[in-house]
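Asker: Here it is, the structure, as structure tokens.
The values are calculated or read from the model by the stated rules, or taken from the named source; none is laboratory data. Keep in mind that what you see is a predicted model, and the values were worked out from it rather than measured. Using ideal geometry, Cβ is built from the backbone for each residue, glycine included, and neighbour counts are taken over all protein chains shown. These area figures cover heavy atoms from the full protein model, side chains too; ligands, DNA and RNA do not enter into them. Shrake-Rupley method; radii C 1.70, N 1.55, O 1.52, S 1.80 Å.
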Amino acid sequence: MKKIYISLFLLILTASLAIAQEPATFIVEAPPGTQGVRMTGNFWGWNPTGGPVATSNGLDNTWTVTVFAGGGETQSDFEYLWVITDADGTSNAVQENLIASAAGGDCLDRINAGEFNTDYSSYANRVFIAAGSDDIKSDVYGSCYLASDALELKGVADLTVPGGGSLGKFTHLYANDDIADLSIYSIRLESNANTDMLTTAQERFLPSQSIAAGSHILLCREGGIAELTLYFISLAQFDLVEEVAGTASDAQPSGNGDDRVGLFKSGTLIEFYGILGLDGDGTAWEPEFFNYLDAWAYKQMGVWIGGGTDCSDASTTTQSSSCVYPFADATLSNKAFTKSELSIFPNPVNKGFVNIKSQISGEKNIKLYDIMGREVLSVKLKSDILDVSSVQSGLYLLNISINDRSTTSKLLIK
């Protein structure tokens with residue numbers, strides 16, 4: 001019996017040690033322009049500059065911090081809030097205040113989920129519930145916004161791109177948690193005569209693969225990857241880019257700016273953009289949603305914002321438009337070559353060599369991408385000859401940079 005007690009004690013101790021080593025990951029979306037983010041809470045005496053410092057994830061204004069990562073920490077329930085600071089992590093610290101949101105009923109979903117503790121007058125704190133090594137929590141600074149699922153809508157667009165047609169249409173998704181199989185999710189469109197998203201809408205399923213928390217997904221039409229790479233200058237900020245061929249049920253996205261977009265999980269609607277059964281003509285959807293004709297809509301800090309109808313018209317890149325897409329790198333720019341400054345020939349090319357002649361002196365930085373946005377060739381040229389004999393036949397994007405000039409064009413290799 002004594003041996004049994006000892007064994008049981010060792011089993012409990014081993015389990016406790018395992019819990020002590022389990023990390024918990026927190027992802028928070030902060031206001032655009034935020035320079036620093038950190039956490040505070042009862043573990044750190046509610047010192048605004050005493051908790052762990054978060055790491056920026058880049059263009060989407062999200063920041064990540066991991067606690068219980070070892071070092072003797074024991075994972076347990078605790079209360080916390082987010083703090084934004086200057087780049088040094090301490091100056092001008094501003095701790096979020098959610099008391100008014102709680103009192104106004106905005107935090108009810110969080111309260112019901114046990115993720116919020118408040119007396120509605122003097123405190124309103126977030127709550128972490130210790131529940132396993134793969135815990136990932138997604139928050140929005142200063143907001144009780146709670147995503148409906150591990151996957152959510154992040155953006156919808158009907159951009160006017162140089163290639164025309166439907167190539168500027170896309171749906172942008174964001175993963176709040178690790179997802180083992182994306183294929184349980186699908187996108188449906190409710191448009192014009194189709195006013196029943198639940199039964200008759202066009203549907204597009206996501207690919208059968210896993211994806212990590214914090215990942216961004218871009219879904220576009222056939223040929224959209226090449227065109228959107230030109231329009232955004234780069235799609236490297238997306239973790240998964242998918243285009244689908246077809247003109248019927250799989251031809252998503254195909255929204256015309258006033259059409260409703262729904263995200264489904266195992267056939268159940270979990271989120272939608274727009275007002276079901278109502279075209280978004282003019283200001284019909286405002287103030288919650290926006291007409292995205294020749295424009296975009298983007299979910300920022302849990303709230304949808306719009307670029308403004310027709311704002312992409314006559315633009316060659318989103319950076320040169322009057323409405324830069326929020327998840328595009330606004331620092332990228334193409335100071336274009338004039339026709340007399342650069343010539344590329346032959347195009348199409350039968351394997352072999354491509355001539356790249358320029359009146360601008362300097363080393364040529366060459367990058368070649370396939371239509372999936374993958375880099376297949378990167379060279380620096382001091383001559384005018386690019387060797388593509390080792391590249392398989394197909395349509396590619398050829399990016400050429402010389403000093404402050406840059407351009408991207410299509411290259412067909414036969």
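Asker: Say we look at the stretch 47-68 and pick out the residues that are free of Cβ contacts under 8 Å to residues at least 24 places away in the same chain and either hydroxyl-bearing (Ser, Thr, Tyr) or on the phi > 0 side of the Ramachandran plot (or both); which of these is surrounded by the fewest Cβ atoms within 10 Å (Cβ to Cβ)?
Answerer: Within the stretch 47-68, the match that is surrounded by the fewest Cβ atoms within 10 Å (Cβ to Cβ) is Thr55.
Asker: Can you tell me which residues in the stretch 171-186 are surrounded by 22 or more Cβ atoms within 10 Å (Cβ to Cβ) and either modelled with pLDDT under 95 or within 13 Å of Arg260 (Cα to Cα) (or both)?
Answerer: Thr171
Asker: Then there's this: Working only within the stretch 228-258, note down all residues that are within 25 Å of Ser409 (Cβ to Cβ), open to solvent by 10 Å² or more (accessible area, probe 1.4 Å) and modelled with pLDDT of 80 or more.
Answerer: Thr229, Leu230, Ile233, Ser234, Leu235, Ala236, Gln237, Phe238, Val241, Glu242, Glu243
Asker: Give all pairs with beta carbons closer than 7 Å in which a residue from the stretch 208-227 that is at negative phi and open to solvent by less than 40 Å² (accessible area, probe 1.4 Å) meets a residue that is of a type in the set (Ser, Thr, Tyr) and modelled with pLDDT of 95 or more; count only pairs at least 6 apart in sequence or on separate chains.
Answerer: His216/Tyr174; Leu219/Thr171
Asker: If you go through the stretch 125-138 one residue at a time, how many are at pLDDT 90 or above and open to solvent by 10 Å² or more (accessible area, probe 1.4 Å)?
Answerer: Residues in the stretch 125-138 being at pLDDT 90 or above and open to solvent by 10 Å² or more (accessible area, probe 1.4 Å): 3 in total.
Asker: Here is a further query. Give the residue that is modelled with the lowest pLDDT, with candidates limited to residues of the stretch 383-408 that are in contact with a Ser or Thr (Cβ under 7 Å, 6 or more places away or on another chain) and under 19 Å from Ser340 (Cα atoms).
Answerer: Looking at residues that are in contact with a Ser or Thr (Cβ under 7 Å, 6 or more places away or on another chain) and under 19 Å from Ser340 (Cα atoms), I get Asn399.
Asker: Please find, among Ala175, Ala124, the residue that is within 17 Å of the chain's Cα centre (by Cα), of a type outside the set (S, T, N, Q) and over 20 Å from Val324 (Cβ atoms).
Answerer: Ala175
Asker: Using the structure shown, decide if Phe116 is of a type outside the set (D, E, K, R), buried (at least 19 other Cβ atoms within 10 Å of the Cβ), over 25 Å from Gly308 (Cα atoms) and free of Cβ contacts under 8 Å to residues at least 60 places away in the same chain.
Answerer: So Phe116 fits the description; yes.
Asker: Leu395: open to solvent by 50 Å² or more (accessible area, probe 1.4 Å) and not in a loop (DSSP other than H, G, I, E, B), yes or no?
Answerer: yes
Asker: Among the residues of the stretch 367-391, which ones are under 23 Å from Phe238 (Cβ atoms) and touching a Lys or Arg at 6+ places or on another chain (Cβ under 8 Å)?
Answerer: Glu375, Leu377, Ser378
Asker: If you go through the stretch 346-357, how many residues are modelled with pLDDT of 85 or more, within 37 Å of the chain's Cα centre (by Cα) and open to solvent by 30 Å² or more (accessible area, probe 1.4 Å)?
Answerer: Total satisfying the criteria: 2.
Asker: Checking the structure you have, find out if any residue of the stretch 364-374 is farther than 30 Å from Val261 by Cα, out of contact with any Ser or Thr (no Cβ under 8 Å at 6 or more places or on another chain) and surrounded by fewer than 13 Cβ atoms within 10 Å (Cβ to Cβ).
Answerer: For the stretch 364-374, residues farther than 30 Å from Val261 by Cα, out of contact with any Ser or Thr (no Cβ under 8 Å at 6 or more places or on another chain) and surrounded by fewer than 13 Cβ atoms within 10 Å (Cβ to Cβ): absent.
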